[in-house]
Amino acid sequence: MADEFKRLDRELVYKGSIIDFYKDTVQVPNGRVVKWDFIKHQGAAAVVPVTADGKLLLVRQYRNALDRYTLEIPAGGLNGPDEPTKEAAARELEEETGYRAGKIQWLITIRTTVAFCNEKIDIYVATDLIPGSQHLDEDEYIDVEAYTVDELCEKIFAGEIEDSKTISAIMSYRAKYRK
């Protein structure tokens, strides 16, 4: 079925620091030509840090798009399209929480908004955490908070956590690692 769709053109509308916005011209199966928005993202990595007592570390930070603080797993964009996501996840863990991972394992891969964006996030689980200090960017203000999986599930179902990568990560961690 995918071969029934044919991209005729992709025009760069805006080049940003995190995303590029394009206007695509696509021929659909009935022969009509339509315009679709496309947002190109170079990818990201995220991590579920697990303390020795089984709590998960999340970060509370201000998100401009929502104009409020959110509670999320540590995450960030790749430094380049060829950066291994496992390295990016370890980097973001240390930058945002101050911890390094003694062990880091892939958990899941998600696509955040498939209707108009190609963003892909590989999510890892970090254990055997080694404390250190945060290395925040000059515009980052992040608090680190520890929660049990049950507390986080309550926050998800109460609508206190809405971030898709965080919900996906917590629920996947719960399904895979909780006995």
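Take the chain, compute every pairwise Cα distance, and split them into 5 Å bins from 0; I just need the percent in each bin.
All Cα pairs considered, the percentages come to 1, 8, 15, 18, 18, 13, 9, 7, 6, 3, 1, 0.
7 Å from Cα along Cα→Cβ at both Lys86 and Gln134: what's the point-to-point distance in nm?
2.8 nm
Take the Cα coordinates of the stretch 3-109, assign each an equal point scatterer, and use the Debye formula without solvent to give log10 I(q)/I(0) at q = 0.12, 0.15, 0.20, 0.23 Å⁻¹.
The Cα Debye sum returns log10 ratios of -0.61, -0.80, -1.05, -1.21.
Only counting other Cβ atoms within 10 Å, I'd like Leu57, Leu12, Leu71 sorted with the fewest neighbours first.
With the sparsest Cβ surroundings first, the list reads Leu12, Leu71, Leu57.
How far apart, in nm, are two points set 7 Å out from the Cα along the Cα-to-Cβ line at Arg178 and at Lys40?
Reported label-point gap for Arg178 and Lys40 is 4.1 nm.
Relative to a virtual label point 7 Å from the Cα of Phe5 in the Cα→beta-carbon direction, which members of the stretch 36-79 show backbone nitrogen distances below 13 Å?
Only 36-39 fall inside the zone, counting backbone N under 13 Å.
Taking only the alpha carbons of the stretch 53-96, what extent do you get along each of the three principal axes, in Å, biggest first?
34, 32, 12
Can you divide the C-alpha Rg of the stretch 93-179 by 2.2 N^0.38 Å and report the result to two decimal places?
The stretch 93-179 yields a ratio of 1.19.
Tell me the relative contact order for the chain as a rounded percent, counting alpha carbon contacts under 8 Å between residues six or more apart.
Relative contact order for the chain comes out at 21 percent.
Treating only the Cβ atoms of Lys and Arg (+1) and Asp and Glu (-1) as charged, compute the dipole magnitude of the chain about its Cα centre; round to the nearest 20 debye.
With only Lys, Arg, Asp and Glu charged at Cβ, the dipole is about 760 debye.
Which one, Ala52, Pro74, Val125, projects farthest toward the positive side of the charge dipole computed for the chain from Cβ point charges (K/R +1, D/E -1)?
Among Ala52, Pro74, Val125, the one farthest towards the positive end of the dipole of the chain is Val125.
Multiplying the sequence separation of Asn30 and Gln105 by 0.36 nm and subtracting their Cα-Cα distance, what value in nm do you get? Present the calculation step by step, with values, prior to reporting the outcome.
Values: separation 75, 0.36 × 75 = 27.00 nm, distance 4.49 nm.
Answer, rounded to one decimal: 22.5 nm.
Every number in this text was worked out from the coordinates using simple rules, so none of it is lab data. These numbers come from a predicted model, not from an experiment. When we count neighbours, we look across all protein chains shown, and the Cβ atoms used for this are built from the backbone with ideal geometry, even at glycine.
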